[in-house]
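What follows is one structure encoded as structure tokens, with my remarks underneath.
The values are calculated or read from the model by the stated rules, or taken from the named source; none is laboratory data. Quantities reported herein were computed from a predicted structural model and do not represent experimental measurements. Backbone-built Cβ (ideal geometry, glycine too); neighbour counts: all protein chains shown.
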Amino acid sequence: MEIVELSFTFLSVVISFLGSCWVLYYTIASPTYLRASCLLSSLANLGLCSMNLLRVMNPTILQNYFWVGYEAISALYATIIWSCLLFTGRKFYRDASWKDPLCKASILSLMVLNIIHWVTAGLLLSSSDGQPTLLVLILQAIFWIMCGICCFLYTFIPILTVHFNHVGLKARFVDEEIEIKRDGYKSDGYKSDNAESFDTSTTAEFPKYSINSQNASVGTWYMISVGILTVLYVAFYITTFIISSSAPIHPITNAVDFMLRNGYVIIYGVPPSRKLLEYMLSNVLRMGSTVSIRMSDMNTESA
């Protein structure tokens, strides 16, 4: 069993290290606040993976420090990941407002999640138990899922609404770089030759949304990748709590958790490729092969 634990924990360290290097490369090559935040989260996750490996190698040390670090870094991680998703979603609204019900629900659940993490970290520092209780872990999972679902719906409802109502982003073609600026944040950062642009101001059916071919393709990529990873994460949580009461604190479970976390960091810290976006346009959004997207020098804040 110890060999299996060592294998999983070591694998999580390797994956986290490679992910951090990947995000670091893009952060240096094209720095944005989002990538810097993802890099910070990735490095913190790498430290947590290393501590998880060390506690397998020497179970008598680091237990209490590991769980205090786990709670603090989990709070930081959740804040960065779900905030990134919210800021991405704001680009799809013509007049983005923090007062949107889904946006407020996301922020509220994130605040509650942070409170639980930080209170637990404080209690662990003054406790001899050395690890959070099962009830605390269940509460954290519930609010993490709530926050994730609300952020996901707020962000991708515009994409889903336009796509499933077959608007198709077919209003007009433009031969210029399209830049959408929303509340001071940079545009998608992709140039398009003959890029299709859908201006929702001319469509009475969707006056709320600001969708064009570029942010639609980027948004679709995020919707699919984040959606798949979130489903995996929810399934992982449910399975973990069903197996046994000790499963959530087992090193192998923690190693799998950290590898899934690294997936979110890579999704946000590494921009999607030109070919991937073209595939989204032609095969997912069904816009045909007339659209050609190429990366600009500065990528998006939210890609």
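Per-structure values
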quantity	calculated
Boolean, residue 218 is under 23 Å from residue 157 (Cβ atoms), without any contact (Cβ under 8 Å) to a residue 24 or more places away in the chain and not small (Gly, Ala, Ser)	no
Pick from segment 74-107, criterion hydroxyl-bearing (Ser, Thr, Tyr) and buried (at least 21 other Cβ atoms within 10 Å of the Cβ), ranking: farthest from residue 44 (Cα to Cα)	93
Condition check for residue 89: under 30 Å from residue 161 (Cβ atoms), touching a residue at least 40 places away in the same chain (Cβ under 8 Å) and part of a helix (DSSP H, G or I)	yes
Among the residues listed as 82, 98, the single one being modelled with pLDDT under 85, under 30 Å from residue 217 (Cα atoms) and of a type outside the set (Gly, Ala, Ser)	98
Residue check, residue 96 within 27 Å of residue 121 (Cβ to Cβ) and touching a residue at least 40 places away in the same chain (Cβ under 8 Å)	no
Among residues of segment 96-108, those that are under 23 Å from residue 32 (Cα atoms) and part of a loop (DSSP other than H, G, I, E, B), counted	3
Unique match (being without any contact (Cβ under 8 Å) to a residue 40 or more places away in the chain, more than 25 Å from residue 221 (Cα to Cα) and in a helix (DSSP H, G or I)) among 28, 73	73
Qualifying residue in segment 49-66 (condition: modelled with pLDDT of 90 or more, of a type in the set (A, V, I, L, M, F, W, C), crowded, with 18+ Cβ neighbours inside 10 Å and within 18 Å of residue 147 (Cβ to Cβ))	no
Near pairs, Cβ below 8 angstrom, 6+ apart or cross-chain, from segment 2-24 (closer than 11 Å to residue 258 by Cβ) to any residue that is among the small types (Gly, Ala, Ser) and surrounded by fewer than 22 Cβ atoms within 10 Å (Cβ to Cβ)	13/50
Filtered residue count, segment 116-148, keeping only those that are in contact (Cβ under 8 Å) with a residue 12 or more places away in the chain and either aliphatic (A, V, I, L, M) or closer than 18 Å to residue 208 by Cα (or both)	12
Condition check for residue 9: farther than 30 Å from residue 153 by Cα, of a type in the set (S, T, N, Q) and surrounded by fewer than 16 Cβ atoms within 10 Å (Cβ to Cβ)	no
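For (1) under 23 Å from residue 7 (Cα atoms); (2) surrounded by fewer than 15 Cβ atoms within 10 Å (Cβ to Cβ); (3) hydroxyl-bearing (Ser, Thr, Tyr), each residue gets a yes or a no:
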{"position": "238", "(1), (2), (3)": "no, yes, no"}
{"position": "245", "(1), (2), (3)": "yes, yes, yes"}
{"position": "252", "(1), (2), (3)": "yes, no, no"}
{"position": "259", "(1), (2), (3)": "yes, no, no"}
{"position": "274", "(1), (2), (3)": "no, yes, no"}
{"position": "278", "(1), (2), (3)": "no, no, no"}
{"position": "283", "(1), (2), (3)": "no, yes, no"}
